[in-house]
Amino acid sequence: MTSDRETVLIVDFGSQYTQLIARRVRENNVYSEIVPHKVSFSDVKTVDPVAIVLSGGPSSVYAEKAPRFDENLLDMKVPILGICYGLQLLVDHFGGEVHSNSQGEYGFATISHDASSRLLDGVSNNTQVWMSHGDIVDSVPDGWIVAAKSANQIIAAVEHSARPIFGTQFHPEVAHTAEGIKILTNFLFNITRCRGDWTSASFVEETVADIRQTVGEKTVICGVSGGVDSAVAAKLLHSAIDGHLKAVFVDHGLLRKDEGRYITDTLQHGLDIPIECHDYSDQFLAKLKGVTDPEEKRAIIGEQFIRAFEKVAESHKGADLLAQGTLYPDVIESGGVLGTADLIKSHHNVGALPADMTFDLIEPLRELFKDEVREVGKTLGISDAILGRHPFPGPGLAVRIIGEITADRLTMLREADAIFIQALKDRGIYDDIWQAFCVLVPVKTVGVMGDQRTYANLISLRAVTSLDGMTADWYRMPYEVQAEISNKIVNSVKGVNRVVYDISSKPPSTIEWE
Ligand code: XMP
């Protein structure tokens, strides 16, 4: 990306709130990027951050294998903010003392702060903060001041007296910290002097220039799936390279009901980009025959997509670039930006592509969260009807049919899913939900229909609320809506005699079942 972009680097020590820090910074129009704590100093130098945040994390600084950071970062002369474990690392490094507090401190606390604190400037006294830590700071290093204490006398914030290095024991990034945004904006604007000019319009401008430079005279094939991300990616590419773009929809046979028609009618007209449609469903379904392992399904689908795009590319001479709508959470969950985070699952966009693929990838959205993609889509003039669609995973219904994928099972799931989604739209609650879908569970249960015993399939309804798909809560769906959907599905989908509602959140579950 262009070098004059201001980047705040967030060094991740494994906190559940790390993504939240990134989002809070970005909400203030400053670009932020998460890197694992093992990031090398040379990689950091290439990013040339304007400030560094050390995240929280579950470890103790004195534990044998406590995660640390490259101490050269401290010589970069940029402002540094340590949060929770990040603060303890700073205190420990500079010679202060941290010790384990047997009870820890979890939940709300009130703090009062020193009037000279730059970080807490303008924050009210006795303000409410959110604590979540086991260890505490006993004494600050020489040359540091205690900037705030909590009501029970625990050191809540520290500052270096000569250098722009700060730490908070509490989490300014979580909504429970009443004046957390004020604290973060003090850090970003009063201390770091950020310009705050990273907006969806500036992102479009920068990315368009980057795409033009990368593509030159080549041709790009952009896979369009019907989802929001690939639609925005296609529109962005179209604005950058128009005549060098081929938007291609590959039907893998794992789509929802009437999805082909949505692509050729609504999407093609809404984006005002011609979309070539290719039906490869027979190939995909043949390769998936008998496969039940989720990661194997993803790998097969990832590979078949590439084989299909290679075929398509043969008819577009010079098409050696493939564009995808990969997002930041896909990158993080597939192993992290620099490949050191734990794999949660291989999002096929990033993690499950064949090694012998000949395309170079262009992923213009890989730095963005979903809501940021929607903002970019708005800036590009895409309608709410297209941008408001629930996310749909690249591997499609394959990861919603638990067990083997067969034509009958696909039909059953498609019909049930169409009923569910239509009911949410009819009730006016579709837009309150981040994502809703049906899952076909591989068990049969006994039922009774019209005095006849049945032994048939089970559908689970899944509906969640979320900001970015990284965490999610199950949607509190009104009983009468659940009842209506259950009745309709059992009465009209052949082979289904039972419907259940999934009441799990992420974590510990994931949104999809596979
Ligand atoms: P999970 O199930 O990991 O899902 O909590 C988070 C979000 O990502 C979507 N998802 C995928 N998207 N390829 C995609 O393009 C995939 O392999 C994939 N797996 C999950 C999921 O639908 C949810 O919105």
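Numbers for the structure displayed
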quantity	calculated
Yes/no for Thr185 being part of a helix (DSSP H, G or I), touching a Leu at 6+ places or on another chain (Cβ under 8 Å) and of a type outside the set (A, V, I, L, M, F, W, C)	no
Condition check for Leu255: more than 16 Å from the ligand (Cβ to nearest atom), under 25 Å from the mean Cα position of the chain (by Cα) and farther than 30 Å from Ala51 by Cβ	no
Subset of the range 128-173 (residues that are over 18 Å from Pro79 (Cα atoms) and of a type in the set (Phe, Trp, Tyr))	Trp130, Phe170
Filter pass, Arg366 being within 15 Å of the ligand (Cβ to nearest atom), touching a residue at least 24 places away in the same chain (Cβ under 8 Å), in contact with a Ser or Thr (Cβ under 6 Å, 6 or more places away or on another chain) and over 20 Å from Thr264 (Cα atoms)	yes
When residues of the range 436-472 are limited to those that are modelled with pLDDT under 95, assigned to a strand (DSSP E or B) and touching a strand residue (DSSP E or B) at 6+ places or on another chain (Cβ under 6 Å), the one nearest to Gln16 (Cα to Cα)	Ala472
Number of positions in the range 131-167 that are touching a Pro at 6+ places or on another chain (Cβ under 9 Å) and surrounded by fewer than 19 Cβ atoms within 10 Å (Cβ to Cβ)	4
Checklist (1) among the charged types (D, E, K, R); (2) within 32 Å of the chain's Cα centre (by Cα); (3) more than 16 Å from the ligand (Cβ to nearest atom); (4) closer than 26 Å to Pro395 by Cα applied to Arg498, failing item	(2)
Qualifying position, being within 29 Å of the chain's Cα centre (by Cα), on the phi > 0 side of the Ramachandran plot and more than 14 Å from the ligand (Cβ to nearest atom), among Gly396, Gly428	Gly428
Residue among Ala398, Ala385 that is in a helix (DSSP H, G or I), aliphatic (A, V, I, L, M) and buried (at least 21 other Cβ atoms within 10 Å of the Cβ)	Ala398
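Residue by residue, here is whether (1) free of Cβ contacts under 8 Å to residues at least 40 places away in the same chain; (2) among the aliphatic types (A, V, I, L, M); (3) under 23 Å from Ser315 (Cα atoms) holds:
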position	(1), (2), (3)
Asp242	yes, no, yes
Val250	no, yes, yes
Asp258	no, no, no
Asp272	yes, no, yes
Tyr280	yes, no, yes
Gly290	no, no, no
Lys297	no, no, no
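The values are calculated or read from the model by the stated rules, or taken from the named source; none is laboratory data. None of these values were measured; they are calculated from a predicted model. All Cβ positions, glycine included, derive from the backbone under ideal geometry; neighbour counts span all protein chains shown.
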